[in-house]
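Undergrad: Here you go, one structure.
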Amino acid sequence: MDIGFYKCLALQMMEEDPFQSKIDALRIALEIPKLYFRKAIRPEGRCPHCSTPNPTFDQWWITHGVVKNELGGKSYVWGVYFCTACGGAILARGKAGEESDSGPIVQLIPEARSAHEDIPPIARTFLQQAMDTLHAPDASAVMAGSAVDAMLKELGYEDGSVYTRINRAVADHRLTESMGAWAHSVRLGANNPRHADKDKPHILPAEAVQSVEFAEALGNFLFVLTKRIERGKKAAEDASNPQPGTSGLSQVEG
């Protein structure tokens, strides 16, 4: 990618129409790669392993050229990096066909965790905060508990304690018994640091991870899967009932 070309194009657009084109210029500027293969990189966001914000990753290994795809597909430069905070590893993929070992990085695997957009906003915000604070287990557990609480309220279970609302959701078959038991575990885990429990005031890192994973799984089950099914059904209905003027296009494309 010719970075100079994109910079010049963005500046030219700003000069021609400094008001209307600011958004378009920014959009073009964002196409410029933010990361390149270096001895150390600092991707935006959080470490996918420890949630440290804007972490530094040190390069441990790189292919020094593309790895040939014997199946005829695209070939990439690959690099392995380790978080300087937790030691967690990520895999960096370069741009297809770019052979330089200092070229742009277009993908990091795994990416930082993010709550799915189909989860309702309040629950999604709590869940994202739980993911972002995994490096602080007590805070993460409390946020995971709040995410479960918000999901129950989204389902209409607003009255009473979280304990009673979980049981009502199980009785109404909105949650399975095993999901209800896990929800109670998340609830209790959130209560310990929230109320400074005398016997067990703090949450272990592994316990916080379990709480976040359940809250995420619950959100996916209750909302993400439902939305996906709704979109699939709508797509099937649209395909079986094409709008006037589109049937001819479908025949040509087929």
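We did not get these values from a lab; they are worked out from the coordinates using the rules stated. The structure displayed is predicted, hence computed values, not measured ones. Note that we place each Cβ from the backbone using ideal geometry, even for glycine, and neighbour counts take in every protein chain shown.
Undergrad: Given 0.36 nm per residue, what is the gain on full extension from C50 to A136 after removing their alpha carbon distance, in nm?
TA: So the chain would gain 30.0 nm between C50 and A136.
Undergrad: Restricting to DSSP loop positions (anything but H, G, I, E, B) with no more than 13 other Cβ atoms inside 10 Å of their own Cβ, which trypsin sites (Lys or Arg not before Pro) remain in the stretch 164-219?
TA: Filter output for the stretch 164-219: K198.
Undergrad: Then there's this: Calculate the FRET efficiency for A171 and N191 from the Cβ-Cβ distance with a Förster distance of 30 Å, rounded to the nearest 0.05.
TA: Computed FRET efficiency for A171 and N191: 0.85.
Undergrad: Checking the cross-link filter: which lysines have an alpha carbon closer than 26 Å to that of K74, excluding same-chain neighbours under 8 positions apart?
TA: By straight Cα distance, K74 reaches K34, K39, K95.
Undergrad: Near K153, which lysines are there with a Cα under 30 Å away, not counting those fewer than 8 places off in the same chain?
TA: Here the lysines satisfying the reach criterion relative to K153 are K198, K200, K227, K233, K234.
Undergrad: Could you list the GluC sites (Glu not before Pro) in the stretch 104-186 that lie in coil according to DSSP, counting only those with at most 12 other Cβ atoms within 10 Å of their Cβ? Working shown, then result.
TA: Working: sites: E111, E117, E154, E158, E177; in loops: E111, E117, E158.
Those that pass, being in a loop and sparsely packed, are E111, E117, E158.
Undergrad: If you count, for each residue, the other Cβ atoms within 10 Å and average over each peptide, how do 231-242, 66-77 line up from highest to lowest?
TA: 66-77, 231-242
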